[in-house]
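**Q** Can you keep this structure in mind? I'll have questions shortly.
The values are calculated or read from the model by the stated rules, or taken from the named source; none is laboratory data. Worth saying up front: this structure is predicted, and the values here are computed from it rather than measured. Here the Cβ positions follow ideal geometry from the backbone for every residue, glycine too, while neighbour counts run over all protein chains shown.
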Amino acid sequence: MKQKELGDLIIFLAKELKWETEKLFKEMNMGQGQLMMLLFLMGERELPIRQDLIAKKIGLNKANVSRNISKLKSKNLVSAEQDPEDSRKLLIHMTEKSEKLRDDFAIGFRKMQDQLTFDIPEKDLATTCKVLEKIHMNLDLYRRGEER
């Protein structure tokens with residue numbers, strides 16, 4: 001497979017997976033930024049998390065994160081409190097509603113993942129994951145201006 005074909009395939013798959021993921025949240029009437037932030041929080045192991053760290057980890061500016069948090073708060077999907085160690089910063093928590101949504105989403109996501117990987121040998125999936133992780137690391141180096 002040529003590099004261009006690989007890049008095109010990755011872009012195509014990313015768009016298709018984004019569309020399928022958004023369908024799982026369709027009834028929530030969320031924009032892309034809110035969805036990305038909520039998915040990030042659902043996968044985050046250490047909550048609460050500071051708002052500025054969310055911006056850094058998902059690559060949005062602080063103003064966008066702030067707007068998305070406000071919208072998620074209005075839907076009762078997150079809550080925020082002042083950081084006791086630094087009152088200028090906010091700690092973001094998931095709510096009971098978003099915890100339940102995470103459980104429901106996990107079921108839908110697992111079903112989608114099972115279908116995507118149907119009839120693909122485990123060894124092939126492991127190799128694919130290793131290659132995609134390496135591509136992700138190389139992309140990160142490229143973004144930071146580091147060349148190999």
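**Q** If we scan region 19-34, do we find a residue that is surrounded by 11 or more Cβ atoms within 10 Å (Cβ to Cβ) and modelled with pLDDT of 90 or more?
**A** The answer is no, given that none of the residues of region 19-34 is surrounded by 11 or more Cβ atoms within 10 Å (Cβ to Cβ) and modelled with pLDDT of 90 or more.
**Q** Go through region 29-73 and count every residue that is under 17 Å from Thr95 (Cβ atoms), touching a residue at least 24 places away in the same chain (Cβ under 8 Å) and of a type in the set (S, T, N, Q).
**A** Residues meeting the conditions: 3.
**Q** Determine whether Asp119 is in a helix (DSSP H, G or I), over 20 Å from the mean Cα position of the chain (by Cα), modelled with pLDDT of 95 or more and closer than 20 Å to Leu13 by Cβ.
**A** No.
**Q** Working only within region 102-148, note down all residues that are among the basic types (Lys, Arg) and loosely packed, with under 12 Cβ neighbours inside 10 Å.
**A** Across region 102-148, the qualifying residues are Arg110, Lys111, Lys123, Lys130, Lys134, Arg143, Arg144, Arg148.
**Q** Take residues that are more than 18 Å from Arg102 (Cβ to Cβ) and either out of contact with any Cys (no Cβ under 6 Å at 6 or more places or on another chain) or assigned by TED's automatic domain parsing to the domain that holds Thr95 (or both) and tell me which of the helices (runs of 4 or more DSSP H) falling wholly in region 22-81 contain 3 or more.
**A** Helices (runs of 4 or more DSSP H) meeting the threshold: 51-58, 62-74.
**Q** Does region 3-28 hold any residues that are of a type in the set (Asp, Glu) and touching a residue at least 24 places away in the same chain (Cβ under 8 Å), and which are they?
**A** Answer for region 3-28, where residues must be of a type in the set (Asp, Glu) and touching a residue at least 24 places away in the same chain (Cβ under 8 Å): just Glu20.
**Q** Evaluate region 84-92: report whether one residue or more is free of Cβ contacts under 8 Å to residues at least 60 places away in the same chain, in contact with a Pro (Cβ under 6 Å, 6 or more places away or on another chain) and part of a strand (DSSP E or B).
**A** Yes, the conditions are met somewhere in region 84-92.
**Q** If I ask for residues that are under 20 Å from Glu85 (Cα atoms) and among the hydrophobic types (A, V, I, L, M, F, W, C), which ones from region 34-74 would you list?
**A** Those that are under 20 Å from Glu85 (Cα atoms) and among the hydrophobic types (A, V, I, L, M, F, W, C): Leu47, Ile49, Leu53, Ile54, Ala55.
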